[in-house]
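Remarks on the structure that follows.
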Amino acid sequence: MARNLDPKCRQCRREGEKLFLKGEKCFTDKCSIERRSYAPGQHGQKSGQRLSGYGQQLREKQKIRRLYGVLERQFRKVFAEASRRKGQTGENLLQLLEGRLDSVAYRMGFGASRAESRQIVRHNGVLVNGRRVNIPSFNVSPGDTIQLTEATRVHLRTKAAMEAAESRGFPEWIEVDVKAGKGTFKAYPARDELPPSIKEGLVVELYSR
């Protein structure tokens, strides 16, 4: 199965902001963005470089792809679905990405990062409405109940991830019972509930060329 093997901290430095790809490390002073905020590579510290309009659009698309851990072909499929739906394409795109099972599992604290949550899903550790689902790209619908299997819920790593997520607070669009290791996907998030640093309009412009 194809996947992005680039070092995660390097990906954050390339985008110039935290993408929270390394779990709890991203919340400490060991985060690479805290220590080296410039881009990686030999010429990373050069300043004054201005991107063209196309460069900005491409950079934003790469950032969103890395943030949600999707490859190019998957991203194009999600964008095509977003463009077919009613409403604003950019907002639809982010909602579809947040509605992926691995993203929902991450938001519920089942894993410290999206990559860890994706691994839990692939290893048959998650139930959707009582049925085992091991497809990370599975589309979760509003009202669906997501829960950990008993074997996965008792893992120390999973417990630590859920406790850390609870201490930071859960998003408004999900409801989580930490002790039971389960939650409900109440609704797709509204645009103002997602990070303002994401400029999905640039991605729409890129694919509209």
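Looking at Lys86, Lys77 in this structure, which one is outside any helix (DSSP H, G or I) and outside the structural domain of Asn124 (by TED's automatic domain parsing)?
After applying the criteria, what remains is Lys86.
Annotation: of all residues in region 99-109 being part of a loop (DSSP other than H, G, I, E, B) and at pLDDT 95 or above, the one that is nearest to Gly201 (Cα to Cα) is Gly99. All of Thr145, Thr152 fail the test of being among the hydroxyl-bearing types (Ser, Thr, Tyr) and crowded, with 18+ Cβ neighbours inside 10 Å, apart from Thr152. Within region 152-203, the set of residues being closer than 30 Å to Gly87 by Cα and in a helix (DSSP H, G or I) comprises Arg191, Asp192, Glu193, Glu200, Gly201, Leu202, Val203.
When Pro189, Pro136 are checked against the criterion of being within 21 Å of Phe75 (Cα to Cα), in contact with a strand residue (DSSP E or B) (Cβ under 7 Å, 6 or more places away or on another chain), touching a residue at least 24 places away in the same chain (Cβ under 8 Å) and not small (Gly, Ala, Ser), a single residue qualifies: Pro136. One residue alone among Ala82, Ala112 is over 22 Å from Ile146 (Cα atoms), at pLDDT 85 or above and in contact with a helix residue (DSSP H, G or I) (Cβ under 7 Å, 6 or more places away or on another chain), and that residue is Ala82.
Could you look through region 192-209, keep only residues that are under 16 Å from the mean Cα position of the chain (by Cα) and touching a residue at least 40 places away in the same chain (Cβ under 8 Å), and pick out the one that is nearest to Pro171 (Cα to Cα)?
It comes out as Leu194.
Mind checking which residues of region 87-98 are farther than 15 Å from Ser208 by Cα and either at pLDDT below 95 or touching a Lys or Arg at 6+ places or on another chain (Cβ under 9 Å) (or both)? If the condition is that a residue be farther than 15 Å from Ser208 by Cα and either at pLDDT below 95 or touching a Lys or Arg at 6+ places or on another chain (Cβ under 9 Å) (or both), then Gly87, Glu91, Asn92, Leu94, Gln95, Leu96, Glu98 are the ones that fit. Condition first: within 30 Å of Gly181 (Cβ to Cβ) and either modelled with pLDDT of 95 or more or in a loop (DSSP other than H, G, I, E, B) (or both). Can you find one or more residues in region 59-69 that meet it? For region 59-69, residues within 30 Å of Gly181 (Cβ to Cβ) and either modelled with pLDDT of 95 or more or in a loop (DSSP other than H, G, I, E, B) (or both): present. Scanning region 167-191 for residues that are more than 16 Å from Gly99 (Cα to Cα) and exposed (fewer than 14 other Cβ atoms within 10 Å of the Cβ) turns up Ser167, Arg168, Gly169, Asp177, Lys179, Ala180.
When Gln147 is tested against (1) closer than 17 Å to Lys186 by Cα; (2) assigned to a helix (DSSP H, G or I); (3) at pLDDT 95 or above, just one condition goes unmet, and that condition is (2).
Among the residues of region 53-84, those that are under 17 Å from Arg209 (Cβ atoms) and touching a Ser or Thr at 6+ places or on another chain (Cβ under 7 Å) comprise Ala82, Ser83. The residues of region 120-136 that are surrounded by 15 or more Cβ atoms within 10 Å (Cβ to Cβ) and within 16 Å of the chain's Cα centre (by Cα), listed by number, are Ile120, Val121, Pro136.
The values are calculated or read from the model by the stated rules, or taken from the named source; none is laboratory data. If you're wondering where the values come from, they're calculated on a predicted model, not measured in any experiment. For neighbour counting, all protein chains shown are included, and Cβ atoms are generated from backbone atoms with ideal geometry for every residue, glycine included.
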